[in-house]
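Please read the structure below before turning to the comments.
The values are calculated or read from the model by the stated rules, or taken from the named source; none is laboratory data. Everything quoted here is computed from the prediction, not taken from an experiment. Cβ atoms come from the backbone with ideal geometry, glycine included; neighbour counts cover every protein chain shown.
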Amino acid sequence: MFVSPARETAFQILRRVESGRSFAVDLLQRPQVSELREVDRKLTTELVMGALRWQGELDFQIERLSGKPLRYFDPEIATILRLGIYQIRFLEKIPKSAAVNEAVELTKARRKRSAAGLVNAVLRKCEPPARRPAAPDGEKLRPELLPSLRRSFPAWLLERWERNFGREAAMALAWASNAVPPTTLRVCRGERREVQRQLTGEGVQTEPGRYSRQALTVRSGNVQSSRLLSEGGVVIQDEASQLVAALVAPERGQRVLDVCAAPGIKTRQLAGALGHGTLVACDLSAPRLRTMARLVRGRVPAGVGLHMIRLEARSPLPFGCTFDPVLLDVPCSGTGTLARNPEIKWRLQPSDLPRLAAAQAQMLGNALAVLAPGGRLVYATCSLEPEENEQVVETVLRAVGGFRLLTAAELSAEFPALAVLFDPRGYFRTRPDLHSMDGFFAAVMARVP
């Protein structure tokens, strides 16, 4: 018996993710996956993302069913068991016999025939639950799923969310962070209603976003096969990401700086909003800059002079001019994007937060130094953690003079559709459980003239 392409590919991707050197969302975009038949491509994505989202629960089941600690198992066998248990306990349409048999064959294909009997025995003891833990889109967390959900997050992360948001909100946030997130598009060309009509003609059903006038949420259909997507009429971009870039509000003829810009999704949005002027996009990673160059090629208005520069944002920025405005979307823990990047929660450690915050504060201080008088700077993260958000902003503003936060009243007057997303101090916040989008934070600062 051969191993199906979907299971073989899912196994290979999970092993690379587990090595700590790659992210699933990037690996799932590679030709190895895109060249599969549609049915295999969808199953590959389901297996990879599901196994990562529920890894803690799957490991608990491995230990329960085998009577052995997880460390007993060879890493490749542990991955095979996670895939098998995920199929049996979470996927209704896959027969248990198929999940077991393919796991055994996958074990043999890894030249671990001596472990095939163990894999077979563990998975045959695994039974599907009366109700699957994988809830339909939008279903609320059922009380009986709380133990499984808790096991699917590091205890320290849930404990900090309970401290910061309250117990009930923390579990709602965890549930949303373990769900399949919506696919959202940003309209790059034309009116949203007309683009929506064209997508319908391609078999892709969408509905308008809740806050962004350029956002369309995909409800059904294969958007990856859309001509509009391949030709740049739309781009896949979470609505919260769109809103952060919208806060920059560049004006025609300005000189705009996008720090930590790669892979360039927000850069394209800034270029389109600018229309005419200069846009400098910076990043430390040369490979990510090359990716950005490919993604923005032919997608920037002719009147925008785009310059891509490799630099270290933790060092003073090497510009002999100032910019108005500036976007600083800093590298962060990413806890607002766990639904899209579930491996983050297994890699992140509490000690990472102060390290990240120190780097973020350096970047913010350097970016403020090149902000023009009267200009605005948007500091943004996709983190839910205060150490990376308001604490960084307030620490830096106390240390340097001549800058202020825009107030909630000012921002609500400028962006009335976003008024509910500004807290009393003027900070912009979104959360997956509250807004059905990624969790982002943004602070809008101005240099006092």
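Of the residues making up segment 266-276, those that are buried (at least 19 other Cβ atoms within 10 Å of the Cβ) and either in the same structural domain as ASP26 (by TED's automatic domain parsing) or in contact with a Lys or Arg (Cβ under 8 Å, 6 or more places away or on another chain) (or both) are ARG268, GLN269, ALA271, LEU274.
Checked across segment 126-141, the condition of being over 15 Å from ALA339 (Cα atoms) and assigned to a helix (DSSP H, G or I) holds for no residue. Counting the residues of segment 326-351 that are out of contact with any helix residue (DSSP H, G or I) (no Cβ under 9 Å at 6 or more places or on another chain) and either crowded, with 24+ Cβ neighbours inside 10 Å or under 19 Å from GLN55 (Cβ atoms) (or both) gives 1.
Candidates are the residues of segment 200-225 that are in a loop (DSSP other than H, G, I, E, B) and closer than 22 Å to LEU28 by Cα; the one that is modelled with the lowest pLDDT is ASN222. Here ARG197 fulfils each of the conditions (1) buried (at least 19 other Cβ atoms within 10 Å of the Cβ); (2) outside any loop (DSSP other than H, G, I, E, B) apart from (1). Taken over segment 378-404, residues that are aliphatic (A, V, I, L, M), touching a strand residue (DSSP E or B) at 6+ places or on another chain (Cβ under 8 Å) and within 23 Å of ALA261 (Cβ to Cβ) amount to 5. Kindly establish whether ALA442 is within 22 Å of ALA313 (Cβ to Cβ), touching a residue at least 24 places away in the same chain (Cβ under 8 Å), among the aliphatic types (A, V, I, L, M) and not in a strand (DSSP E or B). No; evaluated as a whole, the condition is false for this residue. Within segment 300-319, none of the residues are assigned to a helix (DSSP H, G or I), in contact with a strand residue (DSSP E or B) (Cβ under 8 Å, 6 or more places away or on another chain), buried (at least 19 other Cβ atoms within 10 Å of the Cβ) and in the same structural domain as ARG376 (by TED's automatic domain parsing).
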